[in-house]
Amino acid sequence: MTGGGRESEGGEEEVRGARRIPGPRGAADDLDLASVPLPPLPPPGGTALDEAVPEQSQPASASGDAPESDAGEPEPDLGPGPAAEAWPEADPWPEPEPADGHPQPAAPEPEPATPAAEAWPEPGPGPETADGTPEPPAPDPLVSSAPVVLPHQVLKALLGAWALSACSAEETAAVEDHLTGCAPCADEALRLRDAVGLLHTDGSLDLDPTLRTRVLDGCFGRRPARIPVPEWAAPYDAETARLDALLRDIGDSEWHAPVRLQWFEEERRVSRRTTVAGVIGHLMAVDGLLSAALGLDDPLDGGKAPLDPTERTETYWSATRRPPTRAVREPWRAQSHELIRTASFAGRNVAETSVSYGAFALPLQDAALDRAFECWVHGGDIADAVDYPYPAPSAAHLHRMIDLAARMLPAALAGRRSAGLAGPAKDLVAAGAPGRSLHLEIEGHGGGDWYIALDSPAAVGAPERAVAQVALDGVEFCRLVAGHISPVEAAAGQEGDREAIRDVLFAAASLSRL
């Protein structure tokens, strides 16, 4: 063949025998980049990979002075000679000529690349068919936006997973679409969502201490008891029930857990070490004073047992041949049930029955309140020993316990004064007349205001004669009365006569005992 820039027939045959190089491709804007896998990026600075152009010998020029390059060495710049015409720089991927030798028309110059084309390199050639033509690209997968259609039974079974937010997006959309038109499933979904909220609560799992009272009030409201529990015995009934619930929850080994009982004697704090079972024995021994007052059997043989609570406890502990175990729970609980039952059948007159504690005496209604206070305090001691939560009594019951302690303070203050442990009386008045007083302000749970007579137990505390004021939290005041904190640490707020404040706080601590 002559013309067409070909100088040698041999060179033409040699180029025809080389491997075909793919022709120019379409612009990047015409491609669906999301459906085409991306090839690895070429190394920087090169226009094509080394493997894109096969190695072949340099065709000889007509003049014969074109040097041949050695294999493995980069070819020198050929300049504007025949070799440069064979590999034009403007088209690094020339389309090979067809077999008939006629050149094809020049391909149109591609449009400038868009930012998307610059960011993503052109994809490589796709697979070819048997005749060598490129295989057409696979159609894009169809994405359906229609909601999933499920039968009613399947949607109903998914309500639990939907309430727990465990459904897929399609299932969630189907369930919520179904709930707009199905009232029974909507009600069931609402109940399940409320139940899920209970599974993620951060509150305590222990029962509300007022739950028993509220349940009993609801039961008695619908069907009143033929013989109700006296109101003055309700705190003792509630506290013994709470302590019994604690005892049922602890194991056999925890009945021997060490418990330290604390109280105040004169100006100092004393303590006694025992076990959980020993504390229950102590409560049963002192409760025997109430049993004897109601004509019931005293667990210590009331005819010979002492009346002082500390001496009764020591007698009981020394009489037991072996350390007490959980077997003491049943007789203690039976005794408390018998006390409440007997007081309920006895009627109103029994409330004023005197109960002797040896050095002093209390009416039965105050003695039952005193035993409720003791049961709560020692229940807290046991709970601390076995690492168990034990909240304070209800506000109504705690208020009555504080009121009992406030009513006992004038007599306790007079006793300390006679023993030389308190300051002298400054303004004696007739019995029943208002005298110098201390304003005891109890804040928080079970709080209120009390005025404590300072100079005579027969005087009446009055706001107009108040010379000092002490502010305390309700539970902290009870801890002071129980001997669990010292008088110096107790008062949160003090104002007025310092001597009166000190005498009243130490008198409150002196109410404690074993």
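The numbers here are math on the coordinates, done by the rules we state, and not lab data. Note that the structure is a prediction, hence the values are computed from the model and not measured. Backbone-built Cβ (ideal geometry, glycine too); neighbour counts: all protein chains shown.
Report note on the peptides 233-239, 311-317, 484-490: ranked by the mean count of other C-beta atoms within 10 Å, highest first, their order is 233-239, 311-317, 484-490. The protection proxy used here, the mean number of other Cβ atoms lying within 10 Å of each residue, ranks peptides 499-511, 185-197, 437-449 as follows, highest first: 499-511, 437-449, 185-197.
Between segment 380-405 and segment 149-172, what is the C-alpha centre distance in whole Å? Here the two parts' Cα centres lie 48 Å apart. Computed with the Debye formula from one identical point scatterer per Cα of segment 440-514, without solvent, the log10 of I(q)/I(0) at q = 0.14 Å⁻¹ comes to -0.42.
Output the Kirkwood hydrodynamic radius of segment 208-299, Cα pairs only, in Å rounded to one decimal.
Every distinct Cα pair counted, the radius reaches 16.3 Å.
Shown in residue order for segment 460-474 are the 3J(HN,Hα) couplings computed by the Karplus curve 6.51 cos²θ - 1.76 cosθ + 1.60 at θ = phi - 60°: 10, x, 9, x, 6, 9, 6, 10, 7, 9, 10, 10, 9, 6, x Hz (x for Gly and Pro). Maximal additional length on extending the Ala157-Thr310 stretch stands at 48.5 nm, based on 0.36 nm per residue less the C-alpha distance. Per-residue packing, averaged as other Cβ atoms within 10 Å, sorts the ranges 280-292, 165-177 into the order 280-292, 165-177, beginning with the highest. As an equivalent ellipsoid, segment 333-457 spans semi-axes of 30, 21, 15 angstrom, where each value is the square root of five times an eigenvalue of the C-alpha gyration tensor, largest first. All other residues whose Cβ lies under 14 angstrom from that of Glu170 are scored, Lys and Arg at +1 and Asp and Glu at -1, for a net of -3.
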